[in-house]
1. Looking at ALA45, ALA37, ALA59, which is the one that is among the hydrophobic types (A, V, I, L, M, F, W, C) and at pLDDT below 80?
2. What do you reckon, is PHE143 touching a helix residue (DSSP H, G or I) at 6+ places or on another chain (Cβ under 7 Å) and of a type in the set (A, V, I, L, M, F, W, C)?
3. Going residue by residue through region 33-51, is there one that turns out to be closer than 23 Å to VAL133 by Cα, of a type in the set (Gly, Ala, Ser), assigned to a strand (DSSP E or B) and over 18 Å from the mean Cα position of the chain (by Cα)?
4. Taking region 149-185, which residues are among the acidic types (Asp, Glu), open to solvent by 50 Å² or more (accessible area, probe 1.4 Å) and within 16 Å of the chain's Cα centre (by Cα)?
5. In region 22-33, what residues are open to solvent by less than 90 Å² (accessible area, probe 1.4 Å) and closer than 17 Å to HIS69 by Cα?
6. Being at pLDDT 95 or above and either of a type in the set (D, E, K, R) or surrounded by 12 or more Cβ atoms within 10 Å (Cβ to Cβ) (or both) narrows it down to one of VAL65, VAL19, so name that one.
7. Looking at region 125-148, which of its residues are over 30 Å from SER49 (Cβ atoms) and either open to solvent by less than 40 Å² (accessible area, probe 1.4 Å) or touching a Cys at 6+ places or on another chain (Cβ under 8 Å) (or both)?
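The values are calculated or read from the model by the stated rules, or taken from the named source; none is laboratory data. Quantities reported herein were computed from a predicted structural model and do not represent experimental measurements. Because the Cβ atoms are built from the backbone with ideal geometry, glycine has one as well, and the counts that use them run over all protein chains shown. Side chains included, ligands, DNA and RNA excluded: accessible areas come from the protein's heavy atoms. Shrake-Rupley method; radii C 1.70, N 1.55, O 1.52, S 1.80 Å.
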Amino acid sequence: NVAASFRTWVGYEDNPNNVIKYVSPEFNGFSGSLTYALGEDKTNANSASSIFSLGAQYANGPIYVGFAHQSQKQNGANGVFSAVPGVFGAALGVILNDADYAALKNEFRDAVQGKTTYNLINGSYDFGVAKVVGGYNQVKQTFVGVAGNVKANEWNLGVEVPLAANIKASLGYASSKLKEDGVEF
């Protein structure tokens, strides 16, 4: 039940440090979690980075449905420009030529502040002879001092067929569309 896209999830932080997390017990198939990660990169000019995420799922019998939301607040040098560019960096790389993009990346390396949000819903239904899976993800990035935003819409569909007790064959399709201020590229 994971979307098969690496185009826009480049800046996704799946294992942050300094985490406070609550995972609920299961109630008739329903469960959830809340997570907050405290950043250690506070400066005199910038507040600390942080990550907040929540998840909810229903898993009972052949049905699975899950929703997850994550909000990542970037602060300067530890934002997406300091490592591999995320959605925003990918968008700039397409719009600007390589030299301009490299110059912009270096100029803002220690100053970029912004926010990235992920909203994902996934589900599956197991018919016994085959399991159908699907999901939808939306990623949005905005940066302080940079007009506009970059948004990605992703979806995936697939089927999984058991061949033996521990062997399954699967087939899937995923799509990712990237837009800057509503213009797709």
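1. Testing whether each residue is among the hydrophobic types (A, V, I, L, M, F, W, C) and at pLDDT below 80 leaves just ALA45.
2. When the stated conditions are applied, PHE143 passes them.
3. There is no residue in region 33-51 that is closer than 23 Å to VAL133 by Cα, of a type in the set (Gly, Ala, Ser), assigned to a strand (DSSP E or B) and over 18 Å from the mean Cα position of the chain (by Cα).
4. Selection gives nothing.
5. SER24, SER31, GLY32, SER33 - these are the residues of region 22-33 that are open to solvent by less than 90 Å² (accessible area, probe 1.4 Å) and closer than 17 Å to HIS69 by Cα.
6. VAL65
7. ALA130, VAL133, GLY134
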